[in-house]
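Some notes on the structure that comes next.
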Amino acid sequence: MNISLRQRMRGLPAGFRLLMLSDALSGLAMGAGYVSISWWVVTMGGARDMAWFSALTALVMLIALPLTAPLGDRFPKNRVIAVGILLAMLSGLALAAMAWCGFYRLSWVVASESMAMFAWAIVLPSMLSIAAELVPASRLTDALSLQKSSQSAGNLIGPVVGGSLMAFMPAWLALGAYAVLLAIAAAGALRIQVPPRDLASLRTEGFLNQVRSGLRVRWRIPLERSWALWGLLVMTAYFPMVITLLPIKLHQLGLPAIWLGACEAAASGGLLVGSLWLTHRLLRHCSRPRARAFAMWGLAAVFLVVALTDHPYLMLAMFAIEGALLSVTMLVGQTHRTLAVPEAYRARVSAINVLVAKLGGMLGPALAGILLASWSLDAVYLFFALFHLLTVPPMLRLPGVNRFLSLSHDEAKDWYLRQHPEAFEPVSPVAGKLKHPI
């Protein structure tokens with residue numbers, strides 16, 4: 001694994017290494033923050049508050065994403081990321097102040113966390129697409145793998161930090177540590193050097209036109225439209241199992257907060273192994289479509305085990321496997337989907353992927369909250385595990401997906417533009433440049 005890591009790092013620019021550092025710090029902060037906030041809500045408000053908290057904060061990001069997506073195409077992405085992280089830091093400080101004063105009201109907690117959701121809506125599209133500006137297309141697979149690894153490394157440590165602080169320290173200290181980590185991550189993001197772009201010409205396009213263009217690109221490309229619609233069902237099934245129901249289940253089992261941190265750390269450790277080793281090993285022995293199918297069926301099996309067991313160590317092992325398999329499904333498709341979109345559209349189009357995930361992150365917890373009112377926790381967990389299993393065959397049979405994933409990286413670059421130029425019809429002079437063959 002170390003030799004492979006050195007080979008993939010060789011020749012990458014210094015700016016990308018700073019991006020990896022910033023991603024690791026962001027992942028550390030997000031992991032610690034998720035465990036701290038979720039456990040505080042479950043402890044203070046119970047299962048009902050956790051379901052409402054998950055659904056309402058996801059709704060905020062759902063609304064914010066299409067509105068903030070063009071920012072990464074209009075301004076330097078490193079500055080966009082830094083400003084967003086600083087805004088999330090203010091949310092962490094507000095939550096820490098509430099815990100310090102012993103004040104808990106779900107509406108106030110949701111309002112404070114909504115600020116963080118708005119902030120991450122600003123950050124994520126740029127974070128997902130900035131690597132394509134820093135490295136050439138031939139190195140994008142290595143870059144995305146290393147970026148995912150750095151995020152996973154932060155997420156591996158963050159939940160343990162958050163869980164440990166919540167288990168042994170006052171809640172305000174854990175939430176305050178989350179805010180401090182975000183401040184350090186913002187400083188790291190500002191130091192990333194991105195190549196200059198003709199941002200002045202991009203800004204001549206109306207902001208609302210840029211919002212519409214990102215949505216239009218996804219809708220007019222049949223593969224992406226199908227991917228988004230079926231992906232929404234996958235996310236609706238997935239998020240309750242890892243975000244909403246997991247802390248409730250661990251709390252009902254009488255386990256301390258450190259167990260939630262351990263499960264999150266296990267998943268992040270699996271992501272790290274998957275991005276550094278498993279994905280590359282699979283792709284040496286089978287095609288991208290087969291690797292994706294293996295990972296998706298494996299994920300379905302993992303969640304069935306999680307739903308049916310109350311053994312914490314078995315759950316821990318399952319979340320480690322889940323992280324490894326999830327990295328395969330993400331890396332196999334993300335590289336091609338990023339390359340297939342012209343550079344001037346990447347931030348806003350990446351935001352649509354996050355938008356779909358967050359819509360699932362709103363619908364899934366809301367449905368979980370409704371079911372928990374009349375079903376047992378085990379029954380609800382099993383329902384979502386079976387729901388997730390049923391989404392696998394349609395995702396594997398998306399029209400044209402196997403042909404698309406079988407393209408080389410050079411063939412995938414701007415592939416959507418060549419195959420579906422109508423999706424990139426100009427709404428301003430800068431978009432008109434994209435109509436010419438590349």
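Of all residues in segment 93-100, none satisfies being open to solvent by less than 20 Å² (accessible area, probe 1.4 Å) and within 17 Å of the chain's Cα centre (by Cα). Among the residues making up segment 274-295, a single one is in contact with a Leu (Cβ under 6 Å, 6 or more places away or on another chain) and open to solvent by 40 Å² or more (accessible area, probe 1.4 Å): ARG288. Listed by first and then second residue, the pairs linking a residue in segment 304-315 that is open to solvent by 50 Å² or more (accessible area, probe 1.4 Å) to a residue that is in a loop (DSSP other than H, G, I, E, B), with Cβ atoms under 7 Å apart and 6 or more places separating them unless they lie on different chains, are ASP310/LEU253. Considering only segment 77-99, how many residues are touching an Asp or Glu at 6+ places or on another chain (Cβ under 9 Å) and not aliphatic (A, V, I, L, M)? Count: 2. May I ask you to verify whether LEU299 is at pLDDT 95 or above, under 20 Å from the mean Cα position of the chain (by Cα) and in a helix (DSSP H, G or I)? In short, yes.
With segment 334-409 as the region, which helices (runs of 4 or more DSSP H) entirely inside it contain at least 2 residues that are small (Gly, Ala, Ser), surrounded by 20 or more Cβ atoms within 10 Å (Cβ to Cβ) and touching a helix residue (DSSP H, G or I) at 6+ places or on another chain (Cβ under 6 Å)? So that I can check it myself, show each step before the final result.
Details: elements: 346-372, 377-396, 401-405.
Passing ranges, in order: 346-372.
Going through (1) modelled with pLDDT under 90; (2) touching a helix residue (DSSP H, G or I) at 6+ places or on another chain (Cβ under 6 Å); (3) closer than 15 Å to VAL41 by Cα one by one, ALA131 falls short only on (3).
Here is a yes/no grid of residues against (1) within 17 Å of the chain's Cα centre (by Cα); (2) open to solvent by less than 10 Å² (accessible area, probe 1.4 Å); (3) at pLDDT below 85:
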residue: ARG216; (1), (2), (3): no, no, yes
residue: PRO222; (1), (2), (3): no, no, no
residue: TRP227; (1), (2), (3): yes, no, no
residue: PRO240; (1), (2), (3): yes, yes, no
residue: LYS249; (1), (2), (3): no, yes, no
residue: LEU253; (1), (2), (3): no, no, no
residue: ALA257; (1), (2), (3): no, yes, yes
residue: GLY261; (1), (2), (3): no, yes, yes
residue: LEU272; (1), (2), (3): yes, no, yes
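Taking the numbered list (1) surrounded by fewer than 17 Cβ atoms within 10 Å (Cβ to Cβ); (2) part of a helix (DSSP H, G or I) in turn, PHE103 passes all entries but (2).
The values are calculated or read from the model by the stated rules, or taken from the named source; none is laboratory data. Given the structure is predicted, the values throughout are model-derived calculations rather than measurements. Cβ: placed from backbone, ideal geometry, glycine included. Neighbour counts: every protein chain shown. The area values use the complete protein model at the heavy-atom level, side chains included, leaving out ligands, DNA and RNA. Shrake-Rupley method; radii C 1.70, N 1.55, O 1.52, S 1.80 Å.
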